[in-house]
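Single-structure report; data block below.
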Ligand code: EPU
């Protein structure tokens, strides 16, 4: 096990390049199961969630071959047994996309209940409702979700909640269903559009992705394709928040500025300068940070996956800010206990965090409780006076490619240290 050691109070200056989007990649890689032929996917992020997905595909019988550092070739021709056991599925949320793709390909699928970041109850009723509307039966038995159908038939489905996962999963299951499927009240995140573009490049007929209504004309065959994944909106936002908190000037390369609008607008309100040009953002902050309120919402609202990072920036702003978690419950504020240990003045009341800005945070030993909370505590450490020791960093490695290397290249004083086994054991007893 490793920990990060951050010597804070250092400005960030230089250039950083954003990797491919995790939440697009975790949908697009399972979607290769639908192709007859090989798919070549470019701009793959080098993160542990993707390594895990490759492991699952290989266990199912696929060939997965890295052609270079960011390009993978996937051939799913020899997949026959559509079963993903607990040992493989439990580490990541996106394993549930194998339900939609395997159901479409094999007319049946059994996938263990998914893992992923723990923000409390994360139901999948809307995925199941969608599969059932397409003509499948769904049951849960001994921790496995089992679904099967004689034949999938297009249907009109209205989602009761706006869900990224349900929109993607039902899109995956319906792309080869007979007839027309209409999905209403869909999520509109950039990775949903990216998945639809990927499927269309394989011969699918999907229109309206990125709006509330997606219309899918089922096709019989999808062929192999070559496709490049969009840049990661949340990784880019995390570097923007880092320079906002620590100060300095960062050129952030390989972004789609339109996807960043919701984040750029908030940071601008707070006194951060954001300049867009083609596929770059130049972000700088030298003056004091101003308070503001943030409410997380589905896209194009402010992303819940940026809530902890922006809260850390607000903890250093002048005045009192409110952060409302509009997607998940209070569980997504678990990291606030750690921020308090660093001197943050924060109170949580249900879905609302009240943040009283302080002049400075102080380094402390803290623990990541999930992926984005971990990234937020790194940001807190970069801005804080003194040394921060962050443990449970495996959460961060699930979704950020080489966070330490990228931060070091722009002047951060951060390093990785092995945790001696004895200390690890003590931590587990605690
Ligand atoms: N919901 C339901 N029923 C469902 C599905 C969702 O009630 O069947 C609720 C959830 O409980 C939640 C809300 O709907 O309150 C939104 O959940 P959504 O389904 O959109 O989330 P998800 O698909 O499980 C993805 C990302 C998350 C990100 C959310 C919201 C992936 C693999 N995960 O999760 O990403 O927080 O969308 O944008 O795409 C992360 O990257 O750190 C991460 C957690």
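Bear in mind these aren't lab numbers, they're just calculated from the coordinates by the rules spelled out. Here the structure is a predicted model, which means the values were calculated and not measured. Ideal geometry is used to build each Cβ from the backbone, glycine not excepted, and the neighbour counts take in all protein chains shown.
Below, the figures for the structure above:
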{"read-out": "In degrees, nearest ten, helix 22-31 long axis to first principal axis of the chain (Cα)", "value": "10"}
{"read-out": "Computed [θ] at 222 nm, deg cm²/dmol, the chain (DSSP H ≥ 4; -39,500 (n - 2.57); rounded to nearest 500)", "value": "-9000 deg cm²/dmol"}
{"read-out": "Degrees between helix 371-383 axis and first principal axis of the chain (Cα, 0 to 90, nearest 10)", "value": "20"}
{"read-out": "Cβ-based exposure ranking for 333, 131, in which fewest neighbours within 10 Å come first", "value": "333, 131"}
{"read-out": "Ascending count of other beta-carbon atoms within 10 Å, so fewest first, for 195, 282", "value": "282, 195"}
{"read-out": "Taking N as its residue count, the alpha carbon Rg of the chain over 2.2 N^0.38 Å", "value": "0.98"}
{"read-out": "Cα shape, the stretch 61-214, gyration tensor, a/c 1.5 rule", "value": "rounded"}
{"read-out": "Linear extension gain, residue 86 paired with residue 265, 0.36 nm per residue minus alpha-carbon span", "value": "60.3 nm"}
{"read-out": "The stretch 259-334 shape via C-alpha gyration tensor axes, a/c threshold 1.5", "value": "oblate"}
{"read-out": "Cα centroid of the stretch 351-371 to Cα centroid of the stretch 1-71, whole Å", "value": "29"}
{"read-out": "Counting DSSP beta bridges with both ends in the chain, the antiparallel % (nearest 5)", "value": "70"}
{"read-out": "Label point distance in nm, residue 137-residue 113, each placed 7 Å from Cα along Cα→Cβ", "value": "2.2"}
{"read-out": "Degrees separating the helix 48-60 axis from the principal Cα axis of the chain, which is the longest one", "value": "20"}
